[in-house]
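Presented below is the structure to which this report refers.
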Amino acid sequence: TRARTETLIASLRAAVPAVAIRTSFIVGYPGETDAHFRELFEFLEKVRFDHVGVFVYSAEPGTRAVGLPDQVPPAVARTRWEQLMQAAERLAFAGAKARVGRRLEVLVDGQDESGRLVARHAGQAPDVDGVVLLPAGAAAIGEFAAVRITGADGYDLIGEVEGSSKF
């Protein structure tokens, strides 16, 4: 149930304060009502996941869902997607700002086009999440680094290296 899920997530965060919790949602699935969507929106706002993906249901030939009654009009599904994505983005940006001042261990895994180092902390998945941006030359690629987060830019964190160790 929703209550059990909320309790479980709260327990995980209490037991492992640095845990990163991610999820994905599909909006516009056949039978989804305005009330269902409001409940999903409220759930997202309450739980405040660290990373969220939102997808619009698409009727895939040969699946059971194609024949289900109460298909959600594509325009309604798209509007719900936009609303949920806006909320998820707002929460993610607030979460990034809340990390300012914290110390994180990151893995330096590349450089961006401007020469800044691109790193990730344990809660950031490659290719789908924001990154930790570090000054060029502050650490070596393939190195773990202790970083103080000094800023946030959307999904990305800005940091300064305080120490490192090769793995």
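The values are calculated or read from the model by the stated rules, or taken from the named source; none is laboratory data. Remember, it's a predicted structure, so these values are computed and weren't measured experimentally. With ideal geometry, Cβ positions are generated from the backbone for all residues, glycine too; neighbour counts draw on all protein chains shown. We work out accessible area using only protein heavy atoms, side chains counted, and drop any ligands, DNA or RNA first. Shrake-Rupley method; radii C 1.70, N 1.55, O 1.52, S 1.80 Å.
Accessible surface for T5 stands near 60 Å², nearest 10, in the context of the full protein assembly shown (1.4 Å probe). Please work out, to two decimal places, the log10 of the ratio I(q)/I(0) at q = 0.16, 0.20, 0.21 Å⁻¹ from a Debye calculation in which every Cα of the chain carries one identical scatterer. For the requested q values the scattering log ratios are -0.95, -1.21, -1.29. Over segment 99-167, the pair-distance histogram of Cα-Cα distances with 10 Å bins from zero comes to 24, 62, 14 percent, rounded to whole numbers.
Using Cα atoms only, what is the angle between the long axis of helix 74-98 and the major principal axis of the chain, expressed in degrees (0 to 90) to the nearest 10? Once rounded, one gets 30 degrees. For segment 74-123, the convex hull drawn through the C-alpha positions has a volume of 132 cubic angstrom per residue. Between R102 and I149, the built amide H atoms are under 5 Å apart, and every one of these is 5 or more places off in sequence or on another chain.
Taking Cβ atoms as reference points and 9 Å as the exclusive limit, the residues near V131 contribute a net charge of -3, counting Lys and Arg as +1 and Asp and Glu as -1. Where both bridge residues fall in the chain, DSSP classifies roughly 75% of the beta bridges as antiparallel. Computed over Cα pairs, the Kirkwood radius of segment 32-96 leads via Stokes-Einstein (1.002 mPa s, 20 °C) to a diffusion coefficient of 164 µm² per second. Would you look at the GNM of the chain, springs on alpha carbons closer than 10 Å, and say which of A119, A20, A75 moves the most? Evaluated over the chain, the most mobile residue of the options is A75.
Using a probe radius of 1.4 angstrom, the carbon and sulfur fraction of the accessible surface of segment 14-93 is 58%. The charge dipole of segment 122-167, taken about the Cα centre with unit charges on the Cβ atoms of Lys, Arg (+1) and Asp, Glu (-1), comes to about 180 debye, rounded to the nearest 20. Largest mean-square fluctuation among G28, G123, G101, in a Gaussian network model of the chain whose springs join Cα atoms under 10 Å apart, belongs to G101. Accessible surface calculations at 1.4 Å, restricted to protein heavy atoms, place the chain at 60 Å² per residue. What is the calculated FRET efficiency for E105 to R2, with r their C-beta to C-beta distance and R₀ = 25 Å, to the nearest 0.05? Efficiency, rounded to the nearest 0.05: 0.15.
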